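Novice: This is the structure I have questions about; it appears just below.
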Amino acid sequence: MALASVRIPTEPLFLHLLGKIGSGKSSTGNTILGWKVFNTQSSTSAVTREIQRQRGQMGKLNVEVVDGPGLVEANTGVSLAAIDASNKIVQENEANAHIFLIVCRYGDPFSLDDKAMLDALRSAYGSQVFRNHGIIIMTCGGNFAADTEGQNISFTTWCQSQTGTFADLLKQCQGRVVLIENCGKPRFHDQHALNKLGELLDGMDLESATGRRLKQDKKELKKWVYRVPFTLSLIAFFFLWRYLTHGRLFFSFW
Ligand SMILES: Nc1nc2c(ncn2[C@@H]2O[C@H](COP(=O)(O)OP(=O)(O)OP(=O)(O)O)[C@@H](O)[C@H]2O)c(=O)[nH]1
Ligand SMILES: [Mg+2]
């Protein structure tokens with residue numbers, strides 16, 4: 001491809017931290033940025049209540065990390081307000097690439113809440129959202145190391161052995177997943193995970209991950225949502241008309 005035809009999305013690359021309450025979103029944001037920007041703490045209720053944004057460097061990449069409230073709090077359902085807040089940033093920065101980091105905690109089973117959260121993201125951004133924009137971030141990576149000590153199991157093998165909602169999400173994210181350990185001082189922390197995230201981002205087609213493309217894909221999908229039932233109703237109407245006027249459904253030559 002001629003170099004002139006390659007369009008690079010306007011920097012920076014937006015990294016949206018999305019996940020359930022307390023999954024480690026803010027901590028992951030701090031690890032990515034290399035300093036404590038976002039407030040993190042163990043709590044029985046939500047710590048982050050408002051969307052916060054911070055620009056910085058992740059390796060060679062200029063990034064803007066978007067940290068928001070948890071999308072799901074136990075027993076209160078999915079917070080559409082939190083999804084809307086992130087969607088607003090996508091719309092205001094259409095020319096930039098937007099990556100959704102779906103943050104979950106290693107060791108937490110996926111529940112109906114997780115499924116509802118992923119469904120809400122699909123209805124906000126279109127069913128293909130994870131294919132072009134999704135990366136799973138699994139926090140508490142140290143626990144994985146402790147669990148599998150002495151066994152010859154890699155994180156990749158472990159992921160491949162999973163089933164259900166996590167397996168579906170991983171498939172939709174094209175196998176993109178990072179195991180991260182956020183504990184300790186972010187500046188010195190999990191370089192291995194950051195390298196892996198950098199590699200995954202390098203391998204993604206950022207031109208297909210812009211806010212503009214996200215909007216187009218959603219429009220395209222909406223068209224089909226209306227077209228399919230419309231076409232089916234036309235076909236049904238034709239057969240009904242044929243039955244009422246000719247007394248049979250199909251053409252015959254006798
Ligand atoms: N051991 C360990 N603890 C973690 C890790 N990531 C986050 N935590 C801890 O989990 C707790 C919640 O982390 P946060 O980063 O505040 O989680 P959050 O998703 O931003 O929480 P809300 O803003 O309330 O939704 C804190 O006590 C963190 O120190 C990790 O990788 N390993
Ligand atoms: Mg937080």
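Novice: How many residues does the range 97-113 hold that are in contact with a strand residue (DSSP E or B) (Cβ under 7 Å, 6 or more places away or on another chain) and within 16 Å of ligand 1 (Cβ to nearest atom)? Talk me through it step by step, then tell me what you get.
Specialist: At the first step, the residues of the range 97-113 found to be in contact with a strand residue (DSSP E or B) (Cβ under 7 Å, 6 or more places away or on another chain) are 97-106, 113.
Filter again for within 16 Å of ligand 1 (Cβ to nearest atom), leaving 100-106, 113.
Adding up the residues that qualify gives 8.
Novice: Only one of (1) within 21 Å of GLU181 (Cα to Cα); (2) without any contact (Cβ under 8 Å) to a residue 60 or more places away in the chain fails for GLU73. Which number is that?
Specialist: (1)
Novice: Quick check on my filter: what residues within the range 156-183 are outside any loop (DSSP other than H, G, I, E, B), within 15 Å of THR139 (Cβ to Cβ) and β-branched (Val, Ile, Thr)?
Specialist: VAL177, VAL178, listed by residue number.
Novice: Can you name the residue in the range 57-71 that is assigned to a strand (DSSP E or B) and of a type in the set (A, V, I, L, M) and, of all such residues, is surrounded by the most Cβ atoms within 10 Å (Cβ to Cβ)?
Specialist: Of the range 57-71, the ones assigned to a strand (DSSP E or B) are 57-58, 61-67.
Checking the rest, the ones that are also of a type in the set (A, V, I, L, M) come to 58, 61, 63, 65-66.
Working: MET58: 19, LEU61: 16, VAL63: 21, VAL65: 26, VAL66: 24.
Filtering first and then ranking leaves VAL65.
Novice: Sticking with this structure for a sec: If I go through the range 21-37 residue by residue, how many of them are free of Cβ contacts under 8 Å to residues at least 60 places away in the same chain, more than 7 Å from ligand 1 (Cβ to nearest atom) and surrounded by fewer than 24 Cβ atoms within 10 Å (Cβ to Cβ)?
Specialist: Matching residues across the range 21-37 total 1.
Rundown of residues vs (1) in a helix (DSSP H, G or I); (2) surrounded by fewer than 19 Cβ atoms within 10 Å (Cβ to Cβ), yes/no style:
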residue: ALA81; (1), (2): yes, yes
residue: ALA85; (1), (2): yes, yes
residue: LYS88; (1), (2): yes, yes
residue: GLN91; (1), (2): yes, yes
residue: ALA95; (1), (2): no, yes
residue: ILE99; (1), (2): no, no
residue: ILE102; (1), (2): no, no
residue: PRO109; (1), (2): no, yes
residue: ASP114; (1), (2): yes, no
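Novice: Moving to a separate point now. Being surrounded by 16 or more Cβ atoms within 10 Å (Cβ to Cβ), within 20 Å of GLY22 (Cα to Cα) and within 16 Å of ligand 1 (Cβ to nearest atom): is that true of PHE144 here?
Specialist: Working: surrounded by 16 or more Cβ atoms within 10 Å (Cβ to Cβ): yes; within 20 Å of GLY22 (Cα to Cα): yes; within 16 Å of ligand 1 (Cβ to nearest atom): yes.
It is true that PHE144 is surrounded by 16 or more Cβ atoms within 10 Å (Cβ to Cβ), within 20 Å of GLY22 (Cα to Cα) and within 16 Å of ligand 1 (Cβ to nearest atom).
Novice: Scan the range 184-217 for residues that are over 25 Å from SER123 (Cβ atoms), in a helix (DSSP H, G or I) and acidic (Asp, Glu) and jot them down.
Specialist: Selection gives GLU199, ASP202.
A short reminder: the numbers here are calculations on the coordinates, not readings from a lab. The structure presented is a predicted model; accordingly, all values stated were derived computationally and were not measured. Cβ: placed from backbone, ideal geometry, glycine included. Neighbour counts: every protein chain shown.
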